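Q: I have a structure here, written as structure tokens, and I will follow up with some questions on it.
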């Protein structure tokens with residue numbers, strides 16, 4: 001069933017703008033057909049189209065229910081910039097796996113080092129990719145892709161979470177089952193060139209647990225998906 005997101009939908013049960021044009025022109029939906037709208041806060045509305053025009057679709061709510069796809073842990077993925085379209089792939093698949101927030105990070109060995117203007121455009125594209133992935137995978141929220149920050153800033157922010165996991169390419173302890181009291185998790189993934197020893201020491205000093213994804217070397221776009229999947233498995237969300 002087609003799925004769309006709209007904040008405060010219950011107060012205004014209609015869809016307009018680009019989404020309405022997509023419903024009418026791309027999907028060719030008509031009065032009497034059904035779709036789902038999520039309010040981005042975890043509530044789904046099963047609706048029927050009651051009337052439509054070129055850029056507005058009026059809906060009647062048939063059923064309101066709590067979305068059941070959101071994990072019990074809020075995972076923030078700190079993802080170092082990668083070259084080409086690898087970030088696009090990582091963002092899309094991480095959202096599908098259940099990540100709640102993605103923070104692009106600039107570290108010493110990042111090959112991709114865009115200027116501020118380019119970063120703004122990239123962030124907008126990544127957010128669009130995240131929104132599309134959220135719709136495709138039936139999420140109850142729209143995971144945020146934040147502004148790019150430094151690794152030093154990352155080390156400061158991870159202190160706010162119950163658990164911080166630094167997946168290090170040279171090894172660490174395996175990820176065990178997560179305690180039920182853990183509700184917020186930081187996952188930190190490096191770029192193609194990995195982390196420097198100084199960066200690794202800084203993250204560990206600030207409370208990050210050095211963790212491994214096993215003896216195999218994973219590509220930069222594969223590692224974040226594997227890491228989020230591991231967290232979901234060990235927190236009983238898979």
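Q: Would you mind finding the one in 69, 108 that is closer than 27 Å to residue 179 by Cα, surrounded by fewer than 18 Cβ atoms within 10 Å (Cβ to Cβ) and at pLDDT below 95?
A: 69
Q: Search segment 223-236 for residues that are not assigned by TED's automatic domain parsing to the domain that holds residue 192 and pair each with any residue that is surrounded by 21 or more Cβ atoms within 10 Å (Cβ to Cβ) and part of a helix (DSSP H, G or I) when their beta-carbon atoms are under 6 Å apart and the residues are at least 6 apart or on different chains.
A: none
Q: If residue 56 satisfies every condition in (1) surrounded by fewer than 19 Cβ atoms within 10 Å (Cβ to Cβ); (2) out of contact with any helix residue (DSSP H, G or I) (no Cβ under 8 Å at 6 or more places or on another chain); (3) farther than 30 Å from residue 179 by Cβ but one, which is the exception?
A: Failing condition for residue 56: (2).
Q: Based on what the data block shows, is residue 166 modelled with pLDDT under 90 and buried (at least 16 other Cβ atoms within 10 Å of the Cβ)?
A: No; evaluated as a whole, the condition is false for this residue.
Q: So how many residues does segment 128-145 have that are within 9 Å of the chain's Cα centre (by Cα) and assigned to a helix (DSSP H, G or I)?
A: 4
Q: Of the conditions (1) surrounded by 19 or more Cβ atoms within 10 Å (Cβ to Cβ); (2) modelled with pLDDT under 95, residue 1 fails just one. Which one is it?
A: All conditions are met except number (1).
Q: Moving on to the next point. Quick one: in segment 152-162, which of the residues that are in contact with a strand residue (DSSP E or B) (Cβ under 6 Å, 6 or more places away or on another chain) and touching a residue at least 40 places away in the same chain (Cβ under 8 Å) is farthest from residue 201 (Cα to Cα)?
A: 161
Q: I'd like to check something: does segment 201-212 contain any residue that is in the same structural domain as residue 150 (by TED's automatic domain parsing), over 21 Å from residue 111 (Cα atoms), surrounded by fewer than 21 Cβ atoms within 10 Å (Cβ to Cβ) and at pLDDT below 90?
A: Yes, there is a match, as at least one residue in segment 201-212 is in the same structural domain as residue 150 (by TED's automatic domain parsing), over 21 Å from residue 111 (Cα atoms), surrounded by fewer than 21 Cβ atoms within 10 Å (Cβ to Cβ) and at pLDDT below 90.
Q: I'd like to verify a number: residues in segment 165-191 that are within 19 Å of residue 220 (Cα to Cα) and in a strand (DSSP E or B), how many?
A: Of the residues in that region, 7 qualify.
Q: Would you say residue 186 is surrounded by 14 or more Cβ atoms within 10 Å (Cβ to Cβ), touching a residue at least 12 places away in the same chain (Cβ under 8 Å) and within 11 Å of residue 79 (Cα to Cα)?
A: On the way: surrounded by 14 or more Cβ atoms within 10 Å (Cβ to Cβ): yes; touching a residue at least 12 places away in the same chain (Cβ under 8 Å): yes; within 11 Å of residue 79 (Cα to Cα): yes.
It is true that residue 186 is surrounded by 14 or more Cβ atoms within 10 Å (Cβ to Cβ), touching a residue at least 12 places away in the same chain (Cβ under 8 Å) and within 11 Å of residue 79 (Cα to Cα).
The values are calculated or read from the model by the stated rules, or taken from the named source; none is laboratory data. Keep in mind it's a predicted model, so treat the numbers as computed, not measured. Methodologically, a virtual Cβ is constructed for each residue, glycine included, from the backbone with ideal geometry; neighbour enumeration extends over all protein chains shown.
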